[in-house]
Amino acid sequence: MSRVYNFSAGPAVLPEEVLKEAAAEMLDYNGTGMGVMEMSHRSQAFQDIIDTAEQDIRDLMGIPSNYKVLFLQGGASQQFAMIPMNLKKNGVADYIVTGQWAKKAYQEAGKFLTANKIASSEDKTFSYIPDCSDLPIDDNADYVYICENNTIYGTKYKTLPNTKGKTLVSDVSSCFLSEPIDVSKYGIVYGGVQKNVGPAGLVISVIREDLIPTEPLADVPTMLQFKTHADAGSLYNTPNSYAIYICGKVFKWLKKQGGLEAIKANNEAKAKILYDYLDQSNLFKGTVVKEDRSLMNVPFVTGNKDLDAKFVAEAKAAGLENLKGHRTVGGMRASIYNAMPIEGVKALVEFMKDFEAKN
Ligand SMILES: *Cc1c(COP(=O)(O)O)cnc(C)c1O
């Protein structure tokens, strides 16, 4: 077996320790004589798995007791619809559009309520985060929506927007559990787990309880109501049980690393290696305004498409995979999530130096 350094934006690298443990338990989980994929989601063994996972993510993020943790399906994209459907009261919501995912969420919300685009960075290919200190927040806004780390463009909010008292909803898919956050500042904070936490097909939504409708919504499908899943402890129907199990293992791994403070320090150290090199390179150039750089997704270009393609191909041959940038940005993107070891980033920079010397 030989593993590569996988810089994929998602699904993405997972901690090797977690994969090995899961492999060892594939046929017989904890003496049950069956694997987690084969197990009833109503069994005590699975109830223990989901309860432990929930407690561990609560510990890691410091989730206050008046927030629910929901394990849902449909990915982050399903939340684009569930959020307006469930939070709609006045029928207005404000969106800050800082990339493709925020834009998709904004467009989807427009199907269910009046969605206002109150700020955008599309004028400069989403290469920065707009000033969000004094935005024209609608007096009737049911919530203000952001995508906190822009996976495709490599920008990240360093301070949360001033929502002028309105509920903040944030998509943290690509920075999930990468650093500590203050959950109490959010109404909803959610992420598809396949970027930084686990396998695809599971989204974890942390929701302040008062935002969950107390009565069933007549015009919203049962499966798309937060109440349905909150009332049933995320077991209204069969959940993505295997993904929940793997996420639970990743939570344990994160705790073992020292929790989110320690993970943040490690992520900063990794990103610094790459950004410091980019800042002095004569060949490669970062594409994002410095103050808004993501610790997780690092896009860069040579300015020459053929050279970019050559770089991606030669890097792949050297065991550095999935460095091709998103089709809308071109160039390269290195996603350096929690599970990317610092050695992987060092190997990438060494390879880039070598490539620069030769080209
Ligand atoms: C990948 C991604 C999504 C979409 O996730 P799916 O689970 O594929 O729906 C949404 N938001 C962000 C920030 C992402 O990175």
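Looking only at region 108-142, how many residues end up being at positive phi and more than 16 Å from the ligand (Cβ to nearest atom)?
1
One line per residue, one yes/no per condition, for (1) open to solvent by 40 Å² or more (accessible area, probe 1.4 Å); (2) in contact (Cβ under 8 Å) with a residue 12 or more places away in the chain:
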site: P299; (1), (2): no, yes
site: T302; (1), (2): no, yes
site: A313; (1), (2): yes, no
site: G319; (1), (2): no, yes
site: V329; (1), (2): yes, yes
site: S335; (1), (2): no, yes
site: A339; (1), (2): no, yes
site: G344; (1), (2): no, yes
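Quick check: is even one residue across region 26-40 modelled with pLDDT of 95 or more, surrounded by fewer than 18 Cβ atoms within 10 Å (Cβ to Cβ), within 20 Å of the chain's Cα centre (by Cα) and not aromatic (F, W, Y)?
Checked against the condition, which is being modelled with pLDDT of 95 or more, surrounded by fewer than 18 Cβ atoms within 10 Å (Cβ to Cβ), within 20 Å of the chain's Cα centre (by Cα) and not aromatic (F, W, Y), region 26-40 yields no hits at all.
So that you can scan it fast, the table gives a plain yes or no per residue for (1) more than 16 Å from the ligand (Cβ to nearest atom); (2) of a type in the set (K, R):
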residue	(1), (2)
S170	no, no
F176	no, no
E179	no, no
G187	yes, no
V203	no, no
R208	yes, yes
V220	yes, no
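Answer yes or no: is there a residue in region 191-206 that is at pLDDT 95 or above, more than 16 Å from the chain's Cα centre (by Cα) and farther than 14 Å from G74 by Cα.
Looking through region 191-206, none of the residues is at pLDDT 95 or above, more than 16 Å from the chain's Cα centre (by Cα) and farther than 14 Å from G74 by Cα.
Residue pairs, Cβ under 7 Å, 6 or more apart or interchain, first in region 257-281 and open to solvent by 70 Å² or more (accessible area, probe 1.4 Å), second of a type in the set (A, V, I, L, M, F, W, C) and outside any helix (DSSP H, G or I). List them.
E268/L295
How many residues, within region 27-84, are more than 16 Å from the ligand (Cβ to nearest atom) and either among the basic types (K, R) or part of a strand (DSSP E or B) (or both)?
Of the residues in that region, 5 qualify.
Any idea which of (1) crowded, with 19+ Cβ neighbours inside 10 Å; (2) within 16 Å of the ligand (Cβ to nearest atom) is the one P199 doesn't satisfy?
So the condition that P199 fails would be (1).
Given the conditions (1) within 23 Å of the chain's Cα centre (by Cα); (2) charged (D, E, K, R); (3) at pLDDT 95 or above, report the number of the one that E314 does not fulfil.
In the conditions (1) within 23 Å of the chain's Cα centre (by Cα); (2) charged (D, E, K, R); (3) at pLDDT 95 or above, E314 misses (1) alone.
Please count how many residues of region 213-234 are more than 25 Å from D48 (Cβ to Cβ) and outside any helix (DSSP H, G or I).
10
Would region 92-107 turn up any residue that is in contact with a Leu (Cβ under 8 Å, 6 or more places away or on another chain) and within 15 Å of the ligand (Cβ to nearest atom)?
Yes, there is a match, as at least one residue in region 92-107 is in contact with a Leu (Cβ under 8 Å, 6 or more places away or on another chain) and within 15 Å of the ligand (Cβ to nearest atom).
Looking at region 313-324 only, could you name the residues that are part of a helix (DSSP H, G or I) and over 16 Å from V349 (Cβ atoms)?
A313, K316, A317, listed by residue number.
Go through region 260-291 and report how many residues are under 17 Å from the mean Cα position of the chain (by Cα) and over 29 Å from M352 (Cα atoms).
1
Does G248 satisfy the criteria of being of a type in the set (G, A, S), free of Cβ contacts under 8 Å to residues at least 40 places away in the same chain and either open to solvent by 30 Å² or more (accessible area, probe 1.4 Å) or part of a helix (DSSP H, G or I) (or both)?
So G248 does not fit the description; no.
The values are calculated or read from the model by the stated rules, or taken from the named source; none is laboratory data. Source: prediction; values computed, not measured. Please note: Cβ atoms are built from the backbone with ideal geometry, for glycine as well, and neighbour counts cover all protein chains shown. For the accessible areas, the whole protein counts, side chains as well, though only heavy atoms, and no ligand, DNA or RNA atoms are used. Shrake-Rupley method; radii C 1.70, N 1.55, O 1.52, S 1.80 Å.
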